[in-house]
């Protein structure tokens, strides 16, 4: 089945993206990337220490994987832009996940500042994937600003609550055309990842649920399959749910001469 | 998570529920809190613990705190202050152990350790570490702003006690005697732009229940007013110094666990640190239940990292966990944690 995901100028055969934080050890993280077949991972610039060669997080990411630096720690657009510049200058490429969070209790993204940062970085040639609150106006503004994808949160980050934002995400899926929709935070189980794909998301990004599992590589593989199953179901067109049994003899049959 | 024992919902802990928790001694409830706190910490922070080390650049003090062996009139205590050149070498010695996160401390003497002196030290430390925090006397908002621009990522300031009367009794003289200037300090830090603020009370000075409740309410108020600030908590326990005959209310290990788990459940995202003033066995046990940060390979002596030997003598505080940076890392790895050395990059002055 030729079903590639296109983000910016790159093609991906896997629709499962992985976050690299929160793992108990970096080797488990590496194995999770390998076992899931994920081709795109996100790494916080703040976690990268170039002086530390032996345990540098980047050296645990398999070759060929697209690395998307994220702006974790940015509280406004200017800080996100600054982090992106540092990342590019340090040679980490120009794929950037914008996280602008000025709320340390719930870690909710600030859509307005995210739009500003997206506009600046996209105009500078970055491939920008912004993390956002699922709001239609903000999503449209992000696309206009040059985002290569839109990444709405499924529920609060780290909550494992799944698609609490389902209705709003469905609106984005329906209305946003031209860039992929990647469900980013709160996906706690492979079945929730499958659900996101079934409703039409183009990809899913997970971190906590994988990193926190007893066996992260196995959980990563399970997530990848959940994403794949959801995608296949979407393509196969899921039958509509029906409230009850459908009568085999139509109730209105008596109106017609048959 | 459903309702726990005593009808307390641990997944939506309220300040009133914490009051009830603090008042009951219940093994079953504590066990449930430990489970809930461990689960929540893993979800929020993963299996990671960040490491840091304190660096004492001076130990002059102008205050008279009765519970502290370092108070101003303690003439037998050797006092010193590092020059900028010594600070540079001391930073290099600490960084050579692998540490990337430093907490710079001075005694509370504005005369000997002026804001200018602290700022110069921060500029030097920023060249050696990816994260620079300060634990110094309270400053004005503008002074904090200058320190922020010089590279300060975080400030630690303990209120000691929230009981005004007790505070007055225990702080006999010096600038620290002014309760309000200290209690209002976190707001000045928040307004200056500084990112992280660590707060705490010195447990044991008065009834810990009242102090911890007041601390929680203080932090919750600040969280709402300054949501962009990342708050941290620490729960230092008073260790009685010689010749101090005041009455204190010591906090047991069980009470410590109760405090820490309540803190985690009430503040899902705050950083919680545990210092080397706790014994290794206790640190290793408690770190699963909310801790996000711990000091490692600490010296509390001015110039202690360069000297190497005798680094535990004459320190501001006795170090009860003498393990090296590498030993702490090995312990964390063995317990299934990733010891995080770098988790910050200053974007203000880089």
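From the list B:35, B:71, exactly one residue is touching a strand residue (DSSP E or B) at 6+ places or on another chain (Cβ under 7 Å) and either buried (at least 19 other Cβ atoms within 10 Å of the Cβ) or within 30 Å of residue A:188 (Cβ to Cβ) (or both). Which is it?
Numbers: B:35 fails: touching a strand residue (DSSP E or B) at 6+ places or on another chain (Cβ under 7 Å).
Of the residues listed, the single one that is touching a strand residue (DSSP E or B) at 6+ places or on another chain (Cβ under 7 Å) and either buried (at least 19 other Cβ atoms within 10 Å of the Cβ) or within 30 Å of residue A:188 (Cβ to Cβ) (or both) is B:71.
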Query raised in the report: Quick check: anything in the stretch A:69-76 more than 14 Å from chain B (Cβ to nearest Cβ) and at pLDDT below 95?
Result: no
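On the basis of being in a loop (DSSP other than H, G, I, E, B) and modelled with pLDDT of 90 or more, does residue A:209 make the cut? Please lay out each step first, then the result.
Details: in a loop (DSSP other than H, G, I, E, B): no; modelled with pLDDT of 90 or more: yes.
So residue A:209 fails the test.
Select the strands (runs of 3 or more DSSP E) contained entirely in the stretch A:1-62, then report the ones holding at least 2 residues which are within 14 Å of chain B (Cβ to nearest Cβ) and in contact (Cβ under 8 Å) with a residue 24 or more places away in the chain. Full working, then the answer.
Values: elements: A:5-7, A:10-12, A:16-19, A:40-44.
Qualifying strands (runs of 3 or more DSSP E): A:16-19, A:40-44.
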Query raised in the report: Got a sec? Which of B:264, B:254, B:277, B:285 is buried (at least 23 other Cβ atoms within 10 Å of the Cβ) and either at pLDDT below 85 or over 17 Å from residue B:54 (Cα atoms) (or both)?
Result: B:264
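Pick out the one residue from B:232, B:204, B:200 that is away from chain A (no Cβ under 14 Å), buried (at least 17 other Cβ atoms within 10 Å of the Cβ) and closer than 23 Å to residue B:143 by Cα.
Numbers: B:232 fails: away from chain A (no Cβ under 14 Å); B:204 fails: closer than 23 Å to residue B:143 by Cα.
Criteria check complete, one pass: B:200.
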Query raised in the report: Looking at (1) touching a helix residue (DSSP H, G or I) at 6+ places or on another chain (Cβ under 8 Å); (2) within 14 Å of chain B (Cβ to nearest Cβ), which is the only condition residue A:132 fails?
Result: (2)
**Report entry** Tabulated pairs, the stretch B:28-48, first more than 10 Å from every other protein chain (Cβ to nearest Cβ), second surrounded by fewer than 19 Cβ atoms within 10 Å (Cβ to Cβ) and outside any helix (DSSP H, G or I), C-beta under 8 angstrom, 6+ apart or interchain
**Finding:** B:36/B:1
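The values are calculated or read from the model by the stated rules, or taken from the named source; none is laboratory data. Remember, it's a predicted structure, so these values are computed and weren't measured experimentally. Backbone-built Cβ (ideal geometry, glycine too); neighbour counts: all protein chains shown.
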